[in-house]
Amino acid sequence: MKEKPYTLDDRKWRMIGIPLMGLTIAIMVNFDEFMKLSRLFFLSVLFSTLLTLTFWEGNRFIIIRMRRIFPEYGQIARRVAGQSVLAVSYVFLISFLLNELYYKPVYHVSVLGMGFRISIVPTVIVYLVYEAVYFFELWKMNVRKTEALMRENVQSQLEVLKNQLDPHFLFNSMNTLAALIDDENTAAQDYLERLSDVYRYVLVSRNKNTVLLSEEIAFVDAYVYLNKIRFRENLQVEKRLSAEVLAQHITPLSLQMLIENAIKHNVASRENPLKIVIREENAGYLVVENNISEKTILEKSTRVGLQNIINRYALLTDREVEIIRGTSQFVVKIPLLGQLVE
């Protein structure tokens, strides 16, 4: 879904602010005429209001454009710097045109400097008000995103760690079990070691918003190993990832959820092996695809899957998770995150 362009809901501000500022400027410039309420004063009110409208709407256009170009919370400095340069240039241009087209022909004198100084003051005031409101809105939005992301992580942890056992108790139990397994039974020892790796990763990553893809892949290798004990060569997982992509970040447990989802909904047999491919895509996405061979009876759902991944990525990036279901392939594309989001 295409994101809607940024707009400003400031109709009331403009309806009140433009005439009020026009009146204020007229009083400041023609105070003597204001005290007499002369015809000249009312003409100056009309003139200053029209001029305020010109400056306000032009600078408003600059604000909207710059917020569309630099929408992120971390881009405030670049946006404000760009707006400042454009605003000063715009005010100077209007002042210059007004000086050449009005003041010189009428009064036979240049008032460019005075006009620019008078015009820049209300422009700065308007910008300060707009930026203060916008900064507060961004701050509130980031607070809401952080809170929502925390809720999503808690939900994910509750679903993945269903037994809620104390970590020390479980690891101590695994160590005890490892001691009971015969030294010659390497398969059982390897299985228990991978199981420990899986549980350890879940505990370590549960409070993180993102993890390195290389860490997630190591976790997935252990998770796939456990499943291959059950499915053997009926489950095939292929990875096509470069070193550069492995240095990117993704949300923790997202790959495991996608593999679990594929295993849950598809047959993995000698006649119909389940083939899962994890690969990179040039557009900055990680692709997980599997062949479709749906089970007639689905396993009980843990309710952790695509929607959880979609919700978490919506809080971390504007790029959306893409889900493509074809006749023979099921494809999920998740955005790669360039840097760690705490």
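Working carefully through the options Y199, Y225, find the one that is closer than 24 Å to I276 by Cα and modelled with pLDDT of 85 or more.
Values: Y199 fails: modelled with pLDDT of 85 or more.
That would be Y225, the only listed residue that is closer than 24 Å to I276 by Cα and modelled with pLDDT of 85 or more.
Looking only at the stretch 65-94, which residues are aromatic (F, W, Y) and in a helix (DSSP H, G or I)?
Passing the criteria: Y73, Y90, F92.
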*Failed item, numbered, when F61 is tested on (1) modelled with pLDDT of 80 or more; (2) more than 21 Å from V124 (Cα to Cα)*: (2)
*asked:* Tell me whether the stretch 193-215 contains one or more residues that are surrounded by 17 or more Cβ atoms within 10 Å (Cβ to Cβ) and within 21 Å of S293 (Cα to Cα).
replied: no
*Could you please give the count of residues in the stretch 235-261 that are buried (at least 16 other Cβ atoms within 10 Å of the Cβ) and over 27 Å from the mean Cα position of the chain (by Cα)?*
3
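So which of E289, E322 is at pLDDT 85 or above and crowded, with 17+ Cβ neighbours inside 10 Å? Don't jump to the end; show me each part of the working.
Values: E322 fails: crowded, with 17+ Cβ neighbours inside 10 Å.
So the residue among E289, E322 that is at pLDDT 85 or above and crowded, with 17+ Cβ neighbours inside 10 Å is E289.
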*Pairs, please: C-beta under 7 Å, at least 6 apart or cross-chain, first residue in contact (Cβ under 8 Å) with a residue 24 or more places away in the chain and in the stretch 314-335, second in a loop (DSSP other than H, G, I, E, B) and of a type in the set (G, A, S)?*
P335/G284
*Quick one: K239 ticks every box in (1) basic (K, R); (2) in contact (Cβ under 8 Å) with a residue 12 or more places away in the chain; (3) farther than 21 Å from V332 by Cβ except a single one, so which number is it?*
(3)
*asked:* What pairs come out if I take residues in the stretch 124-137 that are within 15 Å of F61 (Cα to Cα) and assigned by TED's automatic domain parsing to the domain that holds I63 and pair them with residues that are of a type outside the set (K, R) and assigned to a helix (DSSP H, G or I) whose C-beta lies under 6 Å away, six or more apart or interchain?
replied: Y130/I63
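The values are calculated or read from the model by the stated rules, or taken from the named source; none is laboratory data. The model shown is predicted, which means the values in this text are computed figures rather than measured ones. Cβ coordinates were reconstructed from backbone atoms using ideal geometry, including for glycine residues, and neighbour counts include every protein chain displayed.
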